[in-house]
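The values are calculated or read from the model by the stated rules, or taken from the named source; none is laboratory data. Everything quoted here is computed from the prediction, not taken from an experiment. Note that we place each Cβ from the backbone using ideal geometry, even for glycine, and neighbour counts take in every protein chain shown.
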Amino acid sequence: MHYREVVFAGFLLTLLSAITCAQTPSSARKSFQQGQKNYEQGNLDLAYENFSRAIEISSRLDKPNQAATDRIGAGHGFDSSSNTDRITVIDPFTALSYTSRGLVRLKQTDFIGAIGDFNAAIRISPRLAEAYVSRGVAYRLKGEIANAIADFDRAISLNDKLSAAYTDRADARIELHDLEGAQQDLERALALNPRAPEPHYQLGYVQLQKGDLASAKKNLDLAIALKPELAAAYHARGTIFMKLADFDHALNDFNQALEINEELPITHMNRGLLRLLKGNDAEAQKDFERCLTLNPGLKAELEKRISMAKGMREAKP
């Protein structure tokens, strides 16, 4: 059983400063920048509206007599899936705005809406590699792994220096149990961006699955140093300590993971098992109950592991 943390691509929100926007109205840039700020602060509904306004201002529709505010206001009425065919683009900034709004929709788990926005971006700028990466993430989260890998391949063919494309393709390859392919992608991602925490975490996860505990711990230590709020890295490192029977360090890492993100069912399971081994049955039971509340499908696995832990405890001299 594995546990990985979904890492949403956020790279596109930094692209505005790197492009020439001479033909883009200042009001569109301002809306885009407000969207960046709201996205980073977790204000997703506001970010959606900001990026929608940036799209409206930087593009025009075949029906100019329809007020832009009417389209934006009525339940996100300016929808890429219905209006993209009628857009006359003023500049490629519009594609960045669509891609950024798609990232907001990813965060909101609106995968179909996100794919619609990424489709719009690709239609406007067919060589925008970041849009393919983002659409690939949406496909992967929908379980369409072949489509996801095809998009990551396309992004890499357009820009082989885009580390996020390798990182996300590795995640898709992990889904297919292609650990060797995933490791190659992650090593390439880290060669391009050695201080990116996510590929260090993912590489540590792959090495853990392959049984290379020393290398896995080294990469997980780096991931945590670079991004202390990465709950999945603490969980994975705690799993290594658990395998090494270093239960105190394992418990510390599971505690840290759950302090960052309380809704991690497998972390609750593992912490409960450690508490059970230490004779703290009441606290263990709380973890087991929380695990099943978050994921009832783990019941059979949990019961099997509880039985094993009780056997280990009884076998102690």
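Structure notes:
- Any hit, segment 279-292, residues being assigned to a helix (DSSP H, G or I), at pLDDT 95 or above and within 23 Å of the chain's Cα centre (by Cα): yes
- Residue pairs whose Cβ atoms lie under 7 Å apart, separated by 6 or more positions or on different chains, with the first residue in segment 200-215 and within 18 Å of Ala170 (Cα to Cα) and among the charged types (D, E, K, R) and the second at pLDDT 95 or above and outside any loop (DSSP other than H, G, I, E, B), are Lys210/Leu179.
- If the condition is being assigned to a helix (DSSP H, G or I) and in contact (Cβ under 8 Å) with a residue 24 or more places away in the chain, then segment 294-317 contributes Leu294, Leu298, Glu301, Leu302, Arg305, Ile306, Ala309, Lys310, Met312, Arg313.
- Matching residues in segment 260-279 - criterion: being of a type in the set (A, V, I, L, M) and within 24 Å of Pro228 (Cβ to Cβ): Ile260, Leu264, Ile266, Met269, Leu274
- Hits in segment 249-278 (condition: charged (D, E, K, R), assigned to a helix (DSSP H, G or I) and touching a helix residue (DSSP H, G or I) at 6+ places or on another chain (Cβ under 8 Å)): Asp253, Arg271, Arg275
- Members of segment 99-129 found to be of a type outside the set (Gly, Ala, Ser) and under 23 Å from Asp160 (Cα atoms), listed by number: Thr99, Leu103, Ile115, Phe118, Asn119, Ile122, Arg123, Ile124, Pro126, Arg127, Leu128
For every residue, the table says whether it meets (1) more than 17 Å from Arg140 (Cβ to Cβ); (2) modelled with pLDDT of 95 or more; (3) surrounded by 21 or more Cβ atoms within 10 Å (Cβ to Cβ).
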| residue | (1), (2), (3) |
| --- | --- |
| Tyr166 | no, yes, yes |
| Arg169 | no, yes, yes |
| Glu175 | no, no, no |
| Asp185 | no, yes, yes |
| Gln202 | no, yes, yes |
| Asn219 | yes, yes, yes |
| Asn252 | yes, yes, no |
